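The values are calculated or read from the model by the stated rules, or taken from the named source; none is laboratory data. Keep in mind it's a predicted model, so treat the numbers as computed, not measured. Backbone-built Cβ (ideal geometry, glycine too); neighbour counts: all protein chains shown. These accessible areas exclude ligands, DNA and RNA; they are computed on the full protein's heavy atoms, side chains included. Shrake-Rupley method; radii C 1.70, N 1.55, O 1.52, S 1.80 Å.
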Amino acid sequence: MKQNYVLFVDDEIDLHLLVRVKLKNELRANKFILECFPDGKSCFDFVCSNNDKINFLVIISDINMPIMNG
């Protein structure tokens, strides 16, 4: 069975912690796995390399970031 993932993409690393805190109950209940990325390229690479292995519930992305925008 595929794992459910929520992807969060933002170059402001402080927001990664905020999202983890806000979703702590869902994460503790193992409703999904949260992966955070600092730029669009690292998220894109993750999606491409895991597309057939995991289920992406949602990707939440900033628009303007270094390397690759959201």
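Below, the figures for the structure above:
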read-out	value
Nearest-0.05 FRET efficiency for residue 1 and residue 51, computed from C-beta distance (R0 22 Å)	0.85
Gain upon complete extension [residue 21, residue 60; 0.36 nm per residue less C-alpha separation]	12.5 nm
Those lysines that a straight Cα-Cα span of less than 17 Å connects to residue 22, excepting residues fewer than 8 apart in one chain	31
Whole-percent carbon and sulfur share, accessible surface of the chain, 1.4 Å	55
Structure-derived Cα extents along the principal axes in Å: which label, when the choices are [x] 41, 32, 20; [y] 33, 29, 12; [z] 38, 24, 17	[y]
Heavy-atom surface of the chain, accessible at 1.4 Å and reported per residue (Å²)	70
Calculated [θ] (222 nm, deg cm²/dmol) that DSSP helices of n ≥ 4 give over the chain, each run adding -39,500 (n - 2.57)	-10500 deg cm²/dmol
